[in-house]
Structure formats: structure tokens, C-alpha cells
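**Q** Supplied in C-alpha cells, the structure appears directly below.
Values quoted throughout were computed directly from the atomic coordinates according to the rules given, and no laboratory measurement underlies them. This is a predicted model, so every value here is computed, not measured. Don't worry about glycine lacking a Cβ; one is built from the backbone with ideal geometry, like all the others, and counts go over all protein chains shown.
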Amino acid sequence: MSGAAARPLSGQVCLVTGASRGIGKGIALQLSEAGGTVYITGRQREALEKTAAEVQGRGGRCVPVVCDSSSEEEVAALFERLKQEQAGRLDLLVNNAFSGVSALSKEMGTPFWESPPTLWDDINNAGLRGHYIFSVHAARLMVPAGRGLIVIISSPGGLRYMFDVPYGVGKAACDRLAADCAVELRSFGVACVALWPGLVRTESLEKEAEVQSGPVYEKLREKLPIIAESIEVSGKCVVGLATDPHIMQHSGKVMLSPELAQRYQFKDVDGKDVFNYISVRNILTELMPKLSVFFRLIPGFITIPKWVLALYSSKFSVYPPIQPLSLKSSKKA
């Protein structure tokens, strides 16, 4: 393989928010391996610099920048630095920052009317408003250049109820942010997409599964080794999108990690196939495990069409809404 083919992002400037750990770290690792100059942001300098050293070890250049995604001043300062150090060049922005993990875990199962209103800010300040702020600044560099890609990390929580109200609203808004930004950016040659990873083996998820008790976490511990993808799968997805000559055809759309694994023909870092969470075989096996021996006969590439997912999740759907597994007892008047 030629050097250009092995390092397709050589000479390109990338920015990944919330990259100290988890999905953001995995994305930065893959971008560096592809030869990109990768700026990474986070709020804790020590963790950020540790990740930067690991990212740089993959072959590209990594620049750690302490930046709170919810602070307009800090974000503006970061982009001023980009203008000075990279002559205003930015090829790729990945909006990944999310500061609501601990709050989400703490309030899990609590009805929204009994949760503190600050839960909304914990989940959506960095993870939605921050994405918008970063996208504004990125577009100001990309539009004059006539090229660029903005990726917004979202989740199936934008499709149907997941975890709680602020989370679902935030993820639905992330998907809409990608779609509407794409409309205004299209004529300038800049693409914007949302990316839905599957269940990801992040450090925080593995820790939660290990220390928490109850049937939900028991099932999670059982399923993690089978269906969870590594943090670098999202990175491989982003590299694929960033090097796709037909990326404008996908602008405004929601892209799924297993879908991109098939399109760009990659596997997880352990050599396994990326678990396809919209595969008919996998869905039926999950719903009716006792019949899994029969479902194995269904080819894995047969998936639920996206239009079916959209129809089922439509605001005008005739189907009943998904109910949470359990809510803590509501206080009675």
C-alpha cells in the first residue's frame, strides 16, 4: 500500500471535541493513524495530555487544547489559535463532547418532573449547544475554503425514548442540527452528517457495568463482549467519511456505524465484525433468544430499512410509544 493510501488524511487539519477518553479518543486515534493533524479538546489537562501522547504515537500530530465546549469564549479562543497555527485551515470537525454521563447515571429511572432542571444543562450544554457553537466557528473557516466536513456524534436516542427526556430531546436535536446545517452548507461544498455509534465499550460504560447491580446491568455485563464496539469504530467511520469522494451525497443524513463498516469494508480493532444493531437476524435473536438457532439462517446483511425506522419513529406514527424499562416510584401529592 502506498504512503498516500495508508495515510489519506496527511496534510489535513482535524478537530475532535471531548477527546480525553471514550469515543472522542477513539476517533482521534484513527485520525492520527490516517495521518491527520488532530486538535483534541477536553476540560482536564492531565487526561488530555495523556491521550494526546497516545494519539501522537499513531503517526499523526496531536495538539491538546483545554477547552470547555459550553464556553463561547474558550471555543472562540481555540479557533483563533487554529487561524494562527494552521493559517485558518480546518478540514474536519467532530462534535463529540458530552458532559452528562454522571448526571445521566445518577438520575436514571427518575421521571423528568422529579429530576432537577439542571439535568437539562448537564446533558445539553456541551452536548448540543456546544456542538452548535463549534459548528458556527468551523463553518466560518470551511465555507471560504469551499470544502470541509462536520460530523456530529449522536445516537438512536434521537429516534425513540432512551434514558430520559433531556437525553432524547438532545439527540433528536443533534440529528436535526446536522440536517439543517447541511442545507445551508451544501452550496459551499461543506458536508455535515450525524453519526450513530452502536453500544460502545467506553471506560465509563465498562465501569458502570462492573459496579452497578440489578437486572439491567446484569444483562449489560452479559452483552458487552458480544454486541459492543470499541471506541475506535467511530474513528474508522469518520476516516471513511472524511475520505469519501461522494460525501456530499450523504450530507444531512444520519449514518450508522455498522452501515459504514460495510460501506468502507472495515472491522473492529480486534478483527471482529462491527455488531449490526439493525440487522434482522440480530433484532429477532434479541427479541426471541430461544429461536436464535433458526434466526442464524438469516443473512447478516439483511437489515431494517431506514425508511421503516423513520416511519416507526414518526411524530405521526400510529404505533404506541416505547415505555422505559422502569421508573422510580413517583412522589404522590
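**Q** Using a 10 Å cut-off around each Cβ, can you sort Thr118, Thr37, Thr17 from fewest to most neighbouring Cβ atoms?
**A** Fewest-to-most ranking of Thr118, Thr37, Thr17: Thr118, Thr37, Thr17.
**Q** Beyond 23 Å, what share of the Cα-Cα pairs of the range 10-276 remains, rounded to the nearest whole percent?
**A** More than 23 Å apart: 50 percent of the Cα pairs in the range 10-276.
**Q** Exposure proxy check: Thr41, Thr303 ranked by fewest other beta carbons within 10 Å? Walk me through the numbers on the way to the answer.
**A** Values: Thr41 26, Thr303 21.
Ascending Cβ contact count within 10 Å gives the list Thr303, Thr41.
**Q** While we're here: To the nearest 10 degrees, how steep is helix 22-33 against the longest Cα principal axis of the chain, on a 0 to 90 scale?
**A** Rounded to the nearest ten degrees, it is 40.
**Q** Now a separate question. Identify which of Val94, Val238, Val308 has the largest mean-square fluctuation in a Gaussian network model of the chain, with springs joining Cα atoms closer than 10 Å.
**A** Val308
**Q** What is the list of residues in the range 233-270 whose amide nitrogen lies under 19 Å from a point 7 angstrom out from the Cα of Arg160, following Cα to Cβ?
**A** 254-259
**Q** If I build a Gaussian network model for the chain, linking alpha-carbon pairs within less than 10 angstrom, which residue out of Pro245, Pro258, Pro156 has the largest mean-square fluctuation?
**A** Taking springs between Cα atoms under 10 Å, the residue moving most is Pro245.
**Q** Given the options Leu82, Leu241, Leu29, state which has the largest fluctuation in a GNM of the chain using a 10 Å cut-off (strictly under) for Cα springs.
**A** Greatest mean-square fluctuation among the candidates belongs to Leu82.
**Q** Lone cysteines in the chain, going by a 4.7 Å Cβ-Cβ cut-off?
**A** Here Cys14, Cys62, Cys67, Cys174, Cys237 come out as lacking a disulfide-compatible partner, given the Cβ-Cβ threshold of under 4.7 Å.
**Q** Here's another thing I want to ask about it. Diagonalise the Cα gyration tensor of the range 103-245 and give the resulting equivalent ellipsoid semi-axes, square root of 5 times each eigenvalue, largest first, whole Å.
**A** 31, 20, 11
**Q** If I take every Cα pair under 8 Å that is 6 or more residues apart in the range 160-303, average their sequence separation and divide by the length, what percent do I get for the relative contact order?
**A** Value for the range 160-303: 24 percent.
**Q** When only Cα pairs under 8 Å and 6 or more residues apart are kept, what is the percent relative contact order across the range 1-121?
**A** Numbers: 199 pairs, mean separation 30.7, N = 121.
Averaging sequence separation for qualifying contacts and normalising by length gives 25 percent for the range 1-121.
**Q** Would you mind classifying the range 56-157 by shape? Square roots of the alpha carbon gyration tensor eigenvalues, ordered a ≥ b ≥ c; an a/c under 1.5 is rounded, otherwise it is prolate if a/b is larger than b/c and oblate if not.
**A** prolate
**Q** Suppose R0 equals 45 Å; then what is the FRET efficiency for Glu85 and Val280 from their Cβ-Cβ distance, rounded to the nearest 0.05?
**A** Details: r = 49 Å, r/R0 = 1.08.
My answer for the efficiency is 0.40.
**Q** Among the aspartates and glutamates, select those whose C-alpha is under 13 Å from the C-alpha of Lys83, and discard any that sit fewer than 8 residues away in the same chain.
**A** Answer for Lys83, where 13 Å is the Cα cut-off: Asp91, listed by chain and number.
**Q** Restricting to Cα pairs below 8 Å that are 6+ residues apart, what does the relative contact order work out to for the range 10-276? Please round to a whole percent.
**A** RCO, the range 10-276: 18 percent.
**Q** Next up: In the structure shown, do any of Lys236/Lys315; Lys171/Lys306; Lys223/Lys253; Lys171/Lys207; Lys50/Lys171 have a Cα-Cα gap over 26 Å, and if so which? Write out the running numbers ahead of the final one.
**A** Details: Lys236/Lys315 33 Å; Lys171/Lys306 17 Å; Lys223/Lys253 29 Å; Lys171/Lys207 23 Å; Lys50/Lys171 29 Å.
Over 26 Å apart, Cα to Cα: Lys236/Lys315; Lys223/Lys253; Lys50/Lys171.
**Q** What dipole magnitude, in Debye to the nearest 20, does the chain give about its Cα centre under +1 on Lys/Arg Cβ and -1 on Asp/Glu Cβ? Could the numbers behind the result be given before it?
**A** Working: 37 positive and 33 negative charges, 139 e Å.
With Lys and Arg at +1 and Asp and Glu at -1, about 660 debye.
**Q** Spin-label point model (7 Å from Cα, Cβ direction): what's the Ala6 to Val101 distance in nm?
**A** With each label placed 7 Å out from Cα toward Cβ, I get 3.3 nm.
**Q** Using the count of nearby Cβ atoms within 10 Å as a rough guide to exposure, how do Ser313, Ser32, Ser251 rank from fewest to most?
**A** Starting with the residue having the fewest Cβ neighbours, the order is Ser313, Ser251, Ser32.
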